[in-house]
Amino acid sequence: MTRDDLNWTVYESPIGPLTLVVGPSGLTNIYFPGRQPRFAEAAKRPLADAVGQLDAYFAAELQAFELDVDLRGAPLQQAVWRQLLEIPYGTTTTYGEVAGRVDESLYDPALEPYERARIVGAAIGRNPVPVVVACHRVIGADGSLTGYYGGLERKRTLLELEGWDGPARRPERGPSSGQLEIL
């Protein structure tokens, strides 16, 4: 695919202007402000299907996108991105949970299982189609908001749009977790 195969538009969303890029096989990229490359003005098109679905999503009328996406990346990245597509609207999961759902054969054999969440986090950070491929639904193991390509405020806004009202899960309070409270 070359730049000549791409069409683009700027979508004015509640989280700021998003540059949408579509190729022959579907949506290839969504860029946050200041992160998009330059595209030829002649390739600018309305992209009505993508814009219409984003309008419905931001109006809380659409919970699952029905857009073709053209995700290009290494096999592990693609497997992680496919997992993101499986996270239901209004729910969250953790990097570790996503890591556990990815085929073990895709990880470097020298990688310890506990290190997989970081590798998954790196793949999520390279998601070329945020919002549609819902990387914002992945949070820290302690329920905290962690890394988001578009910034944590955008992540929080997307989650709140979907009904999130704070950490999805809190760590269990065992005897050792309260040690500082004694002091």
| query | Can you find even one residue in segment 154-169 that is at pLDDT below 50 and either surrounded by 12 or more Cβ atoms within 10 Å (Cβ to Cβ) or part of a loop (DSSP other than H, G, I, E, B) (or both)? | reply | yes
| request: Considering only segment 68-95, state which residues are under 27 Å from residue 12 (Cα atoms) and not in a loop (DSSP other than H, G, I, E, B). | output: 69, 81, 82, 84, 85
| message | It is to be established whether one or more residues within segment 96-104 are at pLDDT below 95, in a helix (DSSP H, G or I) and either under 12 Å from the mean Cα position of the chain (by Cα) or not charged (D, E, K, R) (or both). | response | no
| Hits in segment 103-153 (condition: in contact (Cβ under 8 Å) with a residue 60 or more places away in the chain, within 21 Å of residue 163 (Cα to Cα) and surrounded by 21 or more Cβ atoms within 10 Å (Cβ to Cβ)) | 130, 131, 132, 133, 150
| Residues (assigned to a loop (DSSP other than H, G, I, E, B) and surrounded by 14 or more Cβ atoms within 10 Å (Cβ to Cβ)) located in segment 43-67 | 47, 62, 65, 67
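Okay, residues lined up against (1) at pLDDT below 95; (2) not basic (Lys, Arg):
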site	(1), (2)
29	no, yes
37	yes, yes
40	yes, yes
47	no, yes
53	no, yes
59	no, yes
63	no, yes
67	no, yes
116	no, no
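The values are calculated or read from the model by the stated rules, or taken from the named source; none is laboratory data. The shown structure was predicted, so the numbers you read here are calculated from the model rather than taken from an experiment. In this analysis, Cβ positions are derived from the backbone assuming ideal geometry, glycine residues included, and neighbour counts consider all displayed protein chains.
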